[in-house]
1. Select from the range 60-74 the residues that are under 16 Å from Leu23 (Cα atoms) and either assigned to a loop (DSSP other than H, G, I, E, B) or touching a residue at least 60 places away in the same chain (Cβ under 8 Å) (or both) and list them in ascending order.
2. Taking the range 28-54 as the region of interest, how many residues are modelled with pLDDT of 90 or more and in a helix (DSSP H, G or I)?
Amino acid sequence: MADPAHQTYYDALSEESKMLLVLRDELYSGSWDKMVDDLKNRLKGRPYIFKLVNRIEEDLERIETLRSYENKHKLNLREFDKGAAQ
């Protein structure tokens with residue numbers, strides 16, 4: 001059974017953070033690295049894959065927080081999205 005602390009963490013995430021998890025899985029094949037590279041390229045005016053939001057720097061901070069949590073606990077937070085197709 002999944003640790004309820006992780007569900008509590010997921011449930012407390014902002015909608016922006018939850019959207020980043022969805023986009024990571026659906027547009028970047030589950031890769032934070034590809035997503036971060038894409039956002040950084042956008043900031044530098046280089047070609048990019050997808051326009052996420054105007055707050056790229058805030059999203060990069062959110063990504064680092066999410067990635068750190070997932071790495072620390074060896075899990076994918078999308079598993080706690082009750083509305084996502086598993």
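The values are calculated or read from the model by the stated rules, or taken from the named source; none is laboratory data. What you see is a predicted model; the values in this text were computed from it and never measured. Cβ atoms come from the backbone with ideal geometry, glycine included; neighbour counts cover every protein chain shown.
1. Residues satisfying the conditions do not exist here.
2. 6
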